[in-house]
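Note sheet for the following structure.
The values are calculated or read from the model by the stated rules, or taken from the named source; none is laboratory data. What you see is a predicted model; the values in this text were computed from it and never measured. As a convention, Cβ positions derive from the backbone with ideal geometry for all residues, glycine included, and neighbour counts pool all protein chains shown. We work out accessible area using only protein heavy atoms, side chains counted, and drop any ligands, DNA or RNA first. Shrake-Rupley method; radii C 1.70, N 1.55, O 1.52, S 1.80 Å.
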Amino acid sequence: MSRLLINKPSAMQRAAATMSGRAAAALPLRKPYPQQQQQSKLTPSVVIRRWKSFIHSVQKSTTAASAEPAAAAAAASMTTTTATSHRSRIQSEAFGGRHSPFDARRSFSTSTKMPAKCLQLENINPNFITMEYAVRGPLVIRAGEIEKELEKGAKKPFDQVIRANIGDCHAMGQQPVTFLRQLLALTFEPRLLDSPDYPEDVKKRARAILANCQGHSVGSYTDSAGLEVVRRQVVDYIEKRDGGVPSDWQNVYLTGGASPGIKSILSLIHAEVGGKPPGVMVPIPQYPLYSATIAEYGMDKVDYYLEEDSGWSLSRKELQRSFDEAKKTCNPRALVVINPGNPTGQVLTRDNIVEIIKFANDNGLILLADEVYQDNVYDKNSKFYSFKKVAYEMGEPYRSQELVSFLSTSKGFLGECGIRGGYMEVVNLCPQVKAMLTKSITAALCSTTAGQVAVSALVNPPKPGEPSYDLFQKEKNATLAALKERAELVHKTLSSFEGYKVNPVQGAMYVFPQIEIPPKAVEAAKAKGMAPDVFYAFELLETSGICIVPGSGFGQKPGTYHFRSTILPQTDKLKLMMEKFRVFHADFMKKYK
């Protein structure tokens, strides 16, 4: 393969053309799918942005390594003007430039300071180039740079960066739940089991977990699907949540957050059927994990649009349109539903869920129910219904619908993102297929034991009458009440802005408003090679220190502009953030209107 690329200099050009949707069949690295150009929907400028950004980072690190100490000292005293110049360069390279990536690549590869590398952009898996993950993209990189500039004394119109780009609860000041941290402490340091400082109900749970560990230590491997004692606790939790709908602990897999479980199922369905590549139906707007993983695996993303005007609802008519259109070029195999919604914050009604289940069943799709925000419901008229419960109550044939649901300790009221705990429940999978899924999971040995302990704390909390119950309930209720207050605050504030259209935040942790960007601002964005919503987000970051994610990173209807912001900053900081936002938006509109 390497010899082919070396002997044919045009291979890089063909790869770029493939990523921009013009020449998928020319790519020598793998057999392309006939509709890959539709799936990627990338322009050459997008590819240029990615390649130039990569090359720039390599060159920058090489230059830094060989720089004289005096240069480092000069960099430390960088002025605000220099920072602004640096910002413009970063933005230009991150969102499109004027030079061909091939020119950059030639100067890069012929440099006498850099030996030839085995791995280069033209001979790695092209899916790595295609994939994007918006919530940690160029804006977030720039936010990190600004934080370092502030630490070095740079003068800016703000004194801190407010990271509203990602649902990281503890990073935004949420306090950990005592019960969970005590359970972690006792399982990781069993000698504390003799301490009078820990309640007996926590000790009892810790002993049960340790008894299920090899060598009575969380430092040992667990079964690949996780500790049996925790999986059985998950089953009890599901049955209680769903009003007695039966569950089987052998259908439960403990995962490092929801993401590995989602990726394992998407990998499982990655197979051509009837000569067509697999497609995965995802909501637009969607959580970028799905688009990134689908691109990484070289599958087709099949978009279906949520109805913004009716509170981000989902219609069967739109699902059918999307499915029928996709059938021309791929074989849709799975339907992803995020409820409560990310980034949209809606909570599906039971009737809506019934429609979705019927559609999936009628069209032979496996349902992937992303339900990680099921505890985050704030609207008094909304209620969470699990897809499993609704399908069971619908009776046959829907009771036999293939379904995988996901839950995580990173969201809800725990917010333990870094511990990486979660589970998936597979329902009605063919036993042979389930065996293959289990075999695949064994290659990773097991998820982290810390994450498994966190799942135990989530699904087996203190019960009434136990020593930890009152404090647990107090902390849980306080966290959810604060999130509800912030959801209302964000909706009320943003709704007052000129040119904003904001749906209520019924659940989850985000708001996804639509904004009208004036034509002059659209032209200014175009001049900088940016999408208008990206331009707006960069202006917000550089002017106020607020980091959000442009709607284009999640998908949006053509001609509309959105952004996603979390509601996670603590209330005082959120009020400050909203005021900064108000001032920025008023100035932005005045400048470009």
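Ranked by the mean number of other Cβ atoms within 10 Å of their residues, highest first, the peptides 472-479, 400-407 fall in the order 400-407, 472-479. Coupling constants for region 350-362 follow from the phi torsions by the Karplus curve (6.51 cos²θ - 1.76 cosθ + 1.60, θ = phi - 60°), and in residue order they are 4, 4, 5, 5, 4, 4, 5, 5, 4, 4, 4, 5, 5 Hz; glycine and proline get x.
Mind giving me the FRET efficiency for residue 443 and residue 119? R0 is 22 Å, r the Cβ-Cβ distance, nearest 0.05 is fine.
Calculated transfer efficiency: 0.45.
Of 240/463; 263/301; 204/474; 301/358; 148/526, which ones are farther than 18 Å apart at the Cα?
On the way: 240/463 13 Å; 263/301 14 Å; 204/474 21 Å; 301/358 21 Å; 148/526 29 Å.
Checking Cα-Cα distances, 204/474; 301/358; 148/526 exceed 18 Å.
Of the solvent-accessible surface of region 160-244, computed with a 1.4 Å probe over protein heavy atoms with every protein chain present, carbon and sulfur atoms account for 49 percent.
Working from label points 7 Å from Cα in the Cα-to-Cβ sense, the residue 151 to residue 310 distance is 5.0 nm. For the pair region 165-212 and region 344-414, the centres of their Cα atoms are 30 angstrom apart. Label-to-label distance for residue 463 and residue 297 is 3.9 nm, based on points extended 7 Å past Cα in the beta-carbon direction.
Under 15 Å from the Cβ of residue 214, count the other residues' Cβ atoms, weight Lys and Arg +1, Asp and Glu -1, and hand me the total. Once positives and negatives cancel, what remains is -2. For the pair residue 204 and residue 500, label points projected 7 Å from Cα toward Cβ lie 4.9 nm apart.
With a probe of 1.4 Å, find how much accessible area region 178-460 has per residue, and write the answer as a whole number in Å².
On the way: 10600 Å² over 283 residues.
Counting only protein heavy atoms, the per-residue value for region 178-460 is 37 Å².
Taking every pair of Cα atoms in region 385-504, average 1/r, invert it to obtain the Kirkwood radius, and report Rg/Rh to two decimals. Each step should come with its number before you reach the end.
Values: Rg = 19.7 Å, Rh = 18.1 Å.
Ratio of gyration radius to Kirkwood radius for region 385-504: 1.08.
The Stokes-Einstein estimate for region 178-460, based on a Kirkwood radius over Cα pairs and taken at 10 °C with 1.306 mPa s viscosity, is a diffusion coefficient of 81 µm²/s.
Assuming R0 = 25 Å, can you tell me the calculated FRET efficiency for the pair residue 272 and residue 324, based on Cβ-Cβ distance, to the nearest 0.05? After rounding, the FRET efficiency stands at 0.80. Residues of region 378-416 falling in the label zone of residue 434, defined by backbone nitrogen less than 20 Å from a point 7 Å along Cα to beta-carbon, are 387-407.
Around the amide H of residue 162, modelled in the peptide plane, lie the amide H atoms of 546, 547, all under 5 Å away and 5 or more residues distant in sequence or on another chain.
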